[in-house]
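So the structure is just underneath, and the comments pick up after that.
We did not get these values from a lab; they are worked out from the coordinates using the rules stated. Predicted model, so just to flag it, every value in this text is computed and none were measured. Because the Cβ atoms are built from the backbone with ideal geometry, glycine has one as well, and the counts that use them run over all protein chains shown.
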Amino acid sequence: MKHIETFLLALFVSTAIMGQNKNAPVNYDESQVPNFELPDPLKANDGQIIETAKLWEKKRRPELLRMFGELEYGVTPRQTGIKVKHEVVATNPNAMGGLATQKQVRFTFTGKNGKSVQALLLLYIPNNMKGRVPVIVSYNFHGNQTTTMQEDVIPSPSKEIVKSLGSEAWVRGEQMSRWSYEMALQRGYAVATMNYHDICPDSPELMVQGIPSLLSGYDVRNRKENEWGAIGIWAWGYSRIADYLEKDKQIDKGRMVVLGHSRLGKTAVWAGVQDKRFKAVISNDSGCGGAALSKRVFGENVGRITANFPHWFCPAFNRYSENESSLPFDQHELLSLIAPRHAYVASAEDDSWADPRGEYLSLYYAGPVYRLYGMRGLPSKEQPAIHQPQHYDVGYHIRAGKHDVTPYDWQCYLDFLDSLWH
Ligand code: GCU
């Protein structure tokens, strides 16, 4: 008995220290949202009020960026020592019935320790356009081969690594409904995709087979408080895709967009915040740790996410498990770091786990930073009705249905991008 008591006590103490809690209560009742105060993005840590874009860029933006690195996603190393080689392994000038030129590009990452990792980029470029075209960069969940029925798309290398995650189901075309390639191509946009597991398999056990294997001494279970996790590494991967695309003669490097769904929406935002080459950043249903405000503690919360996905964030984020009120920032400040580039947040009506209202308010409260640049944030605190997209210098929509990416979402994104660039 004594042993059991001691064991339970030890378990309690260790989870309390770790902070993560798989059973942290989940609230879905708007009336139970705690009273919370959101930090003012325009008030620096020393209390100074930021009144100009210049001061924002010089003082407040770097300060906030540092906090998100130190306390949430982990710090992206300045130098990883990783070298990247690109090789075009397949091309098809007549893909999608002549609509596009398809290229498949193998990335070989080699670390200082001599190990290497391979990733495969699938790129569709519209044939009907003169000159350079904008590009939407977006990771896929189950491999390039699942995003289309096109027979010539080579399965992503991660297919082998992630078999234990159930990759047998990851067959050709299986995720097609999430990839409106034809629509994007017809409207003059290139689309580039890669499987995120190629960069870093999404499990604490398998991560060691991705980019982490090239970083000497990286041990996801034994990290420094501010050491990066999977989201940070995937975000770094998005920047490596941008390195390739900006050299492609058909791509307009001034119109690169990063788009991600759910965990990859969190990743897209963190990538877009850090890498200014992304001129528009699209978060599709990114929820907790993405666009949604943490302090509302609605739907998924910090306790749950850090317990279920201990490899996503840096260990310091665990401190805010069931303790969101003590976060020195909130996700509206993350979105505000995208300014003066364009942020777009999308929600789905039945996706309470991702807190649609919290996603909306987060973009709304990023508004003051956009206004510093003379740009238009969301005008109203009232969330719009479904299928009423709000397109200003930032964009938002909520659609009917569940957690997913649909042709309707793509249509809204393309309308928004057109409104900026055409
Ligand atoms: C889980 C997780 C979310 C995440 C989602 C996804 O539901 O709790 O945070 O966004 O998976 O990536 O689909």
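Per-structure values
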read-out	value
Residues residue 219 and residue 22, FRET efficiency given R0 of 22 Å [Cβ-Cβ distance, rounded to 0.05]	0.50
Segment 335-394 - Debye-derived log10 I(q)/I(0), Cα point model, q = 0.15 Å⁻¹	-0.41
Segment 203-245: Cα Rg divided by the 2.2 N^0.38 Å rule of thumb	1.22
Spin-label model distance (nm) - residue 132 vs residue 403, 7 Å beyond Cα toward Cβ	3.8 nm
Volume per residue of the C-alpha convex hull in segment 40-84, rounded to whole Å³	102 Å³
Rounded to 5, the percent of DSSP beta bridges in segment 39-421 classed as antiparallel	50 percent
Per-bin percent of Cα-Cα distances, the chain [10 Å]	5, 22, 32, 27, 11, 2, 1, 0
Spacing of the two label points (7 Å from each Cα toward its C-beta) at residue 205 and residue 420, in nm	4.1 nm
Förster-model FRET efficiency, 51 Å R0, residue 66 and residue 382, C-beta, rounded to 0.05	0.95
Whole-Å semi-axes of segment 108-193's equivalent ellipsoid (Cα gyration tensor)	26, 19, 9
C-alpha center-to-center spacing [segment 344-364, segment 302-322] in angstrom	20 Å
Charged-residue dipole, Cβ positions (Lys, Arg, Asp, Glu), the chain about Cα centre, Debye nearest 20	1480 debye
Size-normalised alpha-carbon gyration radius of segment 116-255, reference 2.2 N^0.38 Å	1.12
Point-to-point label distance, residue 88-residue 152, nm (Cα→Cβ direction, 7 Å offset)	1.2 nm
Dipole-positive endmost among 379, 250, 280 within segment 39-421 (Cβ charges, Cα centre)	250
Computed lengthening from residue 325 to residue 169, 0.36 nm per intervening residue step minus Cα-Cα distance	52.1 nm
Approximate shape of segment 224-372 as ellipsoid semi-axes (Cα gyration tensor, √5λ), whole Å, largest first	25, 18, 14
Pairwise centroid distance, computed over Cα atoms, of segment 88-119 with segment 215-253, Å	17 Å
